[in-house]
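Okay, so here's the structure we're looking at.
The values are calculated or read from the model by the stated rules, or taken from the named source; none is laboratory data. The model shown is predicted, which means the values in this text are computed figures rather than measured ones. Here the Cβ positions follow ideal geometry from the backbone for every residue, glycine too, while neighbour counts run over all protein chains shown.
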């Protein structure tokens, strides 16, 4: 038999998706597993969005749209960017894809050549390294720590840039840490980027999920960076529309043109019905979004307080998204029931086997001292999960 793709043999499966699949299997076998792995809001998609999709079905809006997205959705995205982010585009600057993940992939493929370097901070979203590999480029990570609120500084960014740097991949609010960069912090990073001939890919999918009066600021709105920033967003997180699979990229016309070409040969247009639903999401105001954010903040406050009461756990306060990224390194080397904890993977394996609690190992995000806990689930599940985590770590000696 002929050998398989060497490129894909070096690309790992998404750790979060794999864990979610494992937990679904355990549940199907009758196990009472509490999962805090997936970044998927437990809220229902708002009713007005579902009605827009049903209307589209009954109106037979079920055929191909233009590869880049329907004219109605492109218009809605342009208006959203102008109103929310001070970003000003034409239809030629927009590509609608099957989720923000797909949009990032398309853009990186459009930007990168073999040997190019892509800079992003660590901890990072699990798919960044694999997408960079698929684009033939090389990842350059900037280490951040809880003491820095998991944020990079201008000096760290400056030091990471080399003549081979093609892209700075920026994510705020952050998955997995929940870090939110202020306008002032972004302006400081911009002073470095203004002087460099590199592109910026700004992943802003958690834009609307921010707490404590923080404000999201789009790096692409800085005048000197407008033409070299590609902004990524979508409706999965803020509108509880993960399964609808709509994301979009906006920016430099030449980059978007190449990304459109790639999509035309890989997936073609995103789902027509989901596009119609997204038009409603972006154009009709709903208080449900604000209510979700209020609920997320209450859950965050409870989890952070309870985790920091556990001896051995250090849990920073995230300012956005719906993840807690907390340090469990003090448990490494401890044992119980013939199990030894020596890294984030063994810690998560232990929790899953001992107490049926699913967390994601920090090594999947580039930090092996921490684990990620999603709080995009019910308060009851969170309370039960914290109780089980407390019980599990008390057994470690």
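What is the residue count in the range 152-178 for residues that are surrounded by fewer than 19 Cβ atoms within 10 Å (Cβ to Cβ) and under 19 Å from the mean Cα position of the chain (by Cα)? Count: 0.
Given the residues 101, 92, 25, 50, which is the only one that is farther than 18 Å from residue 262 by Cβ and modelled with pLDDT of 95 or more?
Working: 101 fails: farther than 18 Å from residue 262 by Cβ; 92 fails: farther than 18 Å from residue 262 by Cβ; 25 fails: modelled with pLDDT of 95 or more.
After applying the criteria, what remains is 50.
Assigned by TED's automatic domain parsing to the domain that holds residue 202, part of a helix (DSSP H, G or I), in contact (Cβ under 8 Å) with a residue 60 or more places away in the chain and crowded, with 24+ Cβ neighbours inside 10 Å: is that true of residue 278 in this structure? So residue 278 passes the test.
Scanning the range 192-228 for residues that are closer than 16 Å to residue 86 by Cα and assigned to a helix (DSSP H, G or I) turns up 219, 220, 221, 223, 224, 225, 226, 227, 228. If you go through the range 230-271 and keep only what is in contact with a helix residue (DSSP H, G or I) (Cβ under 7 Å, 6 or more places away or on another chain) and farther than 20 Å from residue 203 by Cβ, you end up with just 253. Kindly check whether there is at least one residue in the range 186-193 that is at pLDDT 95 or above and within 21 Å of residue 126 (Cα to Cα). No: the range 186-193 contains no residue that is at pLDDT 95 or above and within 21 Å of residue 126 (Cα to Cα). The single condition among (1) within 21 Å of residue 290 (Cα to Cα); (2) surrounded by 24 or more Cβ atoms within 10 Å (Cβ to Cβ) that residue 211 does not satisfy is (2). Would you check if residue 101 is closer than 28 Å to residue 130 by Cβ, assigned by TED's automatic domain parsing to the domain that holds residue 208 and in a helix (DSSP H, G or I)? For residue 101, the condition - closer than 28 Å to residue 130 by Cβ, assigned by TED's automatic domain parsing to the domain that holds residue 208 and in a helix (DSSP H, G or I) - is met.
Here residue 301 meets each of (1) in contact (Cβ under 8 Å) with a residue 24 or more places away in the chain; (2) closer than 30 Å to residue 213 by Cβ with one exception, condition (1).
With 53, 21 as the choices, which residue is surrounded by 15 or more Cβ atoms within 10 Å (Cβ to Cβ) and not in a loop (DSSP other than H, G, I, E, B)? Walk me through it before giving the result.
On the way: 21 fails: surrounded by 15 or more Cβ atoms within 10 Å (Cβ to Cβ).
Result of the check over 53, 21: 53.
In a residue-by-residue description of the range 72-92, the property of being part of a strand (DSSP E or B) and out of contact with any helix residue (DSSP H, G or I) (no Cβ under 7 Å at 6 or more places or on another chain) applies to no position. If I ask for residues that are surrounded by fewer than 21 Cβ atoms within 10 Å (Cβ to Cβ) and either modelled with pLDDT under 95 or assigned to a strand (DSSP E or B) (or both), which ones from the range 313-328 would you list? The answer is 314, 327. Comparison of 38, 18, 28 shows that the only residue that is in the same structural domain as residue 295 (by TED's automatic domain parsing), free of Cβ contacts under 8 Å to residues at least 40 places away in the same chain and within 30 Å of residue 366 (Cα to Cα) is 18.
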